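Undergrad: Dropping a structure here in structure tokens format, bear with me for questions.
Read-outs throughout are calculated quantities, based only on the coordinates presented, and are distinct from any laboratory measurement. Since this is a predicted model, take the numbers as computed values, not measurements. Neighbour counts run over all protein chains shown; Cβ positions are idealised from the backbone, glycine included.
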Amino acid sequence: MKAKELRDKYIEFFKSQGHNHIAGKSLIPENDPTVLFTTAGMHPLVPYLLGEPHPGGNRLVNFQKCIRTGDIDEVGDATHCTFFEMLGNWSLGNYFKKEAITMSFEFLTNPKWLGFSPDLLSVTVFAGDESVPRDEESAGIWRSLGIPEERIYFLPRKDNWWGPAGQTGPCGPDTEMFIDMGKEACGDNCRPGCSCGKYFEVWNDVFMQYNKTEEGNYVPLTQKNVDTGMGVERTIAMLQGKETVYETELFQPIIYAIEQKVQKSYGTDAAVTKSLRIVADHIRAASFILGDEKGVTPSNLGQGYILRRLIRRAIRHLRKLGAEGKFLGQLARVVIDIYKDAYPEFLENQNKIVEELEREEEKFSSTLQKGEKEFEKLLPNLLKNPKKIIPGRLAFTLYDTFGFPLEITEELAAENGMIVDREGFEAAFEKHQEASKMGADKSFKGGLADHTDKVRQLHTATHLLHKALRMVLGDHVAQKGSNITAERLRFDFCHPDKMSPEEIQRVEDIVNEQIQKKLAVTQEVMSLEEARAEGSIALFDAKYEEKVKVYSIGDFSKEVCGGPHVENTGEMGRFKISKEQSSSAGVRRIRAVLEE
Ligand code: SER
């Protein structure tokens, strides 16, 4: 079964079970201060898991593009990908364990769908701990479906708990489904979750019934939700009997193009195979980031820096394989061809993807060679160091002068049996530039945006600000990014010039006037066309025939948005712009606060 058929079947099955097919969302999370990319199918649905009504109803199905860069060092092994697609079905306070498990069982075992023999199915459920009880209910449902006791495993939190995506947010116990691949057990302790290859994890049903707070408490959610996740790449590899995801139709054309270029073959030599996988994975992820509806370009900040790291690491491995000259644009066209039907935004943005990759390739290729030469020159001396540590200062010089992301220096170091003093690198970095520039990695450790009163207030203030900017500066102003913490809002928008103090003052005055008017904030669900016809600001086009939510603030502003917002602007305090600066070419950035 190919990826297209798997996606289609999944959507069709859940539609037949009363689910609404909703569009996947951008790879760049909206209003989420601490996570750079969408990391799971549930990620864009967080507000709805926390209780905000979804315009598509409470039984939903989708496929979602995701990026996880935490695994970047593991890319190149059999299963880890930076980019992956996740299939998911969702109950937002509608069905719970019984229906979720029964539907999963049906999709896995009915010959009309995936058709696995129930005899091959093992499952795991949460064993319970001091804060959450043992999940006897899920085990009972599996038993009632005919799964015998010896194939139901009760496992601890580290195995059978999912979320939150960051440090706070919706989470809960899960039940995971495994297919027996027919291999011998590797020992007495071999069980689902074992890495020997006997058990393949095909699906995960999460029962999201808790909200983890900043203090680390698990507060029961008023609404009990289901979040399930099935990874497309891994599942089709298994269904096709392939050893790894790289042998499926989602990667083979990319790998073939590289093989042709470098005249080396996949599967003949471990180092060659690994480099081929890394290039294929990274160019696929980079193409998705560049081609996203909220596309990012390479830079030294945030998502742009991750993108740069992916592209530069791919270039380095291409050079290792012996490739010369421009090649990334050609590779991106192969990626676009694979995905253009499932992700139409790819075709729209194909020129941008190719141009940006070629630009970055040009920039980095010439310095890469010089940097590697420099590294080789230094190597004999470095190897004399008995601790085999490369000083952070040196790693920083390679970054600063040759554009080597730290990971490339680490990779060169590892190839020579050394490690880099990361702390020393960061210290040198911070000394040299503003601390914020390395925010990229740290951001992954944070939690999802919370939905406290302050965040709601700042979210409503963001809509007021957006409208006020359009009134003062003109209708060309459009949101390029929004990021809200409990302390402040940050808003990026297109505008060519620095704002004058008078313009800033006028924007502040307009926003504060609306706050003082104590305007009611209301929401309606409608089609995107209706929303547009009513003059709503609609930032990112919904796909398919989706319904959208429109938030109105009195008669002042109307915007398509997922929420949540305050009920009345009177709850908000005094609006103050604390900073106005350039974000990138043609894009300005405002930071603002609400004072008590
Ligand atoms: N959120 C869970 C996961 O990512 C299930 O979708 O595995």
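Undergrad: With runs of 4+ DSSP H residues as the only contributors, calculate the mean residue ellipticity of the chain at 222 nm using -39,500 (n - 2.57) per run, divided by the residue total and rounded to the nearest 500.
TA: After summing the helix terms and dividing by the residues of the chain, the value is -12500 deg cm²/dmol.
Undergrad: Only Lys, Arg, Asp and Glu count, each charged at its Cβ (+1, +1, -1, -1), so figure out the dipole size of the chain about its Cα centre, rounded to 20 debye.
TA: Once rounded to the nearest 20, the dipole reads 1140 debye.
Undergrad: Given the convex hull of the Cα atoms of the range 454-596, what is a quarter of its surface area in nm²?
TA: That works out to 8.1 nm², a quarter of the Cα hull's surface.
Undergrad: I need two numbers for the range 1-124: Rg to one decimal and Dmax as a whole number, Cα atoms only, in Å.
TA: Rg and Dmax of the range 1-124, Cα atoms, are 15.8, 45 Å.
Undergrad: Follow-up question, since we're still on this one. Using Stokes-Einstein with the Kirkwood hydrodynamic radius over Cα pairs, what translational diffusion coefficient do you get for the range 46-185 at 4 °C and a viscosity of 1.567 mPa s, in µm²/s rounded to a whole number?
TA: 75
Undergrad: Also, quick follow-up: If a/c stays under 1.5 just call it rounded; otherwise compare a/b with b/c (prolate if a/b is bigger, oblate if not). Do that for the chain, with a ≥ b ≥ c from the square roots of the Cα gyration tensor eigenvalues.
TA: oblate
Undergrad: Rg and Dmax of the range 146-196, Cα atoms, in Å?
TA: When restricted to Cα atoms, the range 146-196 yields Rg and Dmax of 13.7, 40 Å.
Undergrad: What are the extents of the Cα atoms of the range 217-313 along their three principal axes, listed from largest to smallest and rounded to whole Å?
TA: That gives 59, 40, 26 Å along the principal axes, largest extent first.
Undergrad: What is the Cα coordinate range of the range 197-256 on the first, second and third principal axes, sorted by size from largest, in whole angstrom?
TA: 49, 23, 20 Å, listed from the longest principal axis down.
Undergrad: If the only charges are +1 at each Lys and Arg Cβ and -1 at each Asp and Glu Cβ, what is the size of the charge dipole of the range 315-389 around the Cα centre, to the nearest 20 debye?
TA: Taking the Cα centre of the range 315-389 as origin, the dipole is about 780 debye.
Undergrad: Rounded if a/c is under 1.5, else prolate if a/b beats b/c, else oblate: with a ≥ b ≥ c from the C-alpha gyration tensor eigenvalues square-rooted, which is the range 308-419?
TA: Taking the square roots of the gyration eigenvalues as a ≥ b ≥ c, the range 308-419 is prolate.
Undergrad: Measure off 7 Å from each Cα along the Cα-to-Cβ vector at Glu137 and Gln523, then give the distance between these two points in nanometres to one decimal.
TA: Those two pseudo-labels are separated by 2.6 nm.
Undergrad: Calculate the all-directions average of the projected area of the range 484-542's alpha-carbon convex hull, and give it in nm².
TA: 6.5
Undergrad: Quick one: which residues, 5 or more positions from Phe154 or on another chain, have an amide H under 5 Å from its amide H? H modelled 1.01 Å from N in the peptide plane, none for Pro or chain starts.
TA: Distant-sequence amide H within range of Phe154: Val125.
Undergrad: Along each principal axis of its Cα atoms, how long is the range 143-286 end to end? Whole angstroms, biggest number first, please.
TA: Projected onto the principal axes, the Cα atoms of the range 143-286 cover 58, 38, 24 Å.
Undergrad: Right, here's the next one. Let me have the relative contact order for the range 223-318, percent, based on Cα pairs under 8 Å that are six or more residues apart.
TA: RCO, the range 223-318: 19 percent.
Undergrad: Follow-up. Write down the Kirkwood hydrodynamic radius of the range 376-421, to one decimal in angstroms, obtained as one divided by the mean of 1/r over all alpha carbon pairs.
TA: The answer is 10.4 Å.
Undergrad: Dividing the Cα radius of gyration by the Kirkwood radius, what Rg/Rh value follows for the range 298-347?
TA: Ratio of gyration radius to Kirkwood radius for the range 298-347: 1.05.
Undergrad: Now for a separate question. Reported to two decimal places, what Rg/Rh ratio describes the range 63-122 when computed on Cα atoms with Rh from the Kirkwood expression?
TA: Here the Rg-to-Rh quotient is 1.10.
Undergrad: Could I ask something else about it? Determine ³J(HN,Hα), in whole Hz, for all residues of the range 573-581 in sequence, where each value follows from phi through the Karplus function 6.51 cos²θ - 1.76 cosθ + 1.60 and θ = phi - 60°; x replaces Gly and Pro.
TA: x, 9, 8, 9, 7, 9, 7, 10, 8
Undergrad: Short version: ³J(HN,Hα) in whole Hz for each residue of the range 216-227, in order, from phi by Karplus 6.51 cos²θ - 1.76 cosθ + 1.60 (θ = phi - 60°), x for Gly and Pro, what are they?
TA: Along the range 216-227, the couplings run x, 8, 9, 9, x, 7, 5, 9, 8, 10, 10, 10 Hz.
Undergrad: Taking θ as phi - 60°, what are the ³J(HN,Hα) couplings along the range 249-256 by the Karplus curve (6.51, -1.76, 1.60), each to the nearest whole Hz, with x for Gly and Pro?
TA: The phi angles translate into 5, 7, 10, 4, x, 6, 5, 4 Hz.
Undergrad: Relative contact order for the chain: what is it in percent, counting Cα pairs under 8 Å that are at least 6 residues apart?
TA: RCO, the chain: 13 percent.
Undergrad: Relative contact order (percent) for the range 179-254, with alpha-carbon contacts under 8 angstrom and 6 or more residues of separation?
TA: 20
Undergrad: The range 1-52 to the range 362-378: how many Å between their Cα centroids?
TA: After rounding, the separation between the Cα centres reads 41 Å.
Undergrad: Consider just the alpha-carbon atoms of the range 263-374 and return their Rg together with their Dmax, both in angstrom.
TA: My reading of the Cα-based Rg and Dmax gives 14.0, 45 Å.
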